[in-house]
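Each remark here refers to the structure printed beneath this line.
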Amino acid sequence: QVQLVESGGGLVQAGGSLRLSCAASRSIFSPNVMYWYRQAPGKQREVVAAITSAGGTNYADSVKGRFTISRDNAKDTVYLQMNSLKPEDTAVYYCNVKSPDGSSWGQGTQVTVSS
């Protein structure tokens, strides 16, 4: 199975920005969908954004207009640009890929937004 490694998390003030990256250990079979999920303490893991291998995107209502998902297929990497961050965006963010090869998860990266 492909391995995913996230990076880019950290501590930021409300209104600030962060860019998360998720790099795959090898090329991902197509068609595939890459996701960003997040899980806040005491809450269920939720989908934040998704992008297909063809470039189609979808977002949770809570992040529309603030977050942008993108991918670089040549680098087997997916990104999440997060702008206008709010304290309620605080969570561990996980990368996930679903492909004919199965489903793989990254280890997660912590994003903390202070008020």
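The values are calculated or read from the model by the stated rules, or taken from the named source; none is laboratory data. These figures come from a predicted structure and were not determined experimentally. Ideal geometry is used to build each Cβ from the backbone, glycine not excepted, and the neighbour counts take in all protein chains shown. These accessible areas exclude ligands, DNA and RNA; they are computed on the full protein's heavy atoms, side chains included. Shrake-Rupley method; radii C 1.70, N 1.55, O 1.52, S 1.80 Å.
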May I ask you to give the solvent-accessible area per residue for the stretch 49-115, in square angstrom, as obtained with a 1.4 angstrom probe? 46
VAL5 - accessible surface, heavy atoms, 1.4 Å probe, Å² rounded to 10: 90
Expressed in nanometres to one decimal, the distance between label points 7 Å along Cα→Cβ at ALA23 and GLN107 is 1.4
Taking the Cα atoms of the chain alone, what are Rg (to one decimal) and Dmax (as a whole number) in Å? 13.4, 42
Accessible area, probe 1.4 Å, largest first, for residues PHE67, PHE29: PHE29, PHE67
Quick check: pseudo-label points 7 Å beyond the Cα along Cα→Cβ at SER62 and SER30, how many nm apart are they? 3.3
Need the full-extension length gain, SER114 to ALA54, defined as separation in residues times 0.36 nm minus the C-alpha distance. One decimal, nm. 18.0 nm
Just the accessible area for LYS64, please: 1.4 Å probe, Å², rounded to the nearest 10? 110
At the level of C-alpha centres, the distance separating the stretch 4-60 and the stretch 65-104, in angstrom, is 2
Please report, for the Cα atoms of the stretch 1-46, the Rg to one decimal and the Dmax as a whole number; what are they, in angstrom? 13.7, 38
If you filter the stretch 10-50 for trypsin sites (Lys or Arg not before Pro), then keep DSSP loop positions with at most 16 other Cβ within 10 Å, what is left? ARG26, LYS43, ARG45
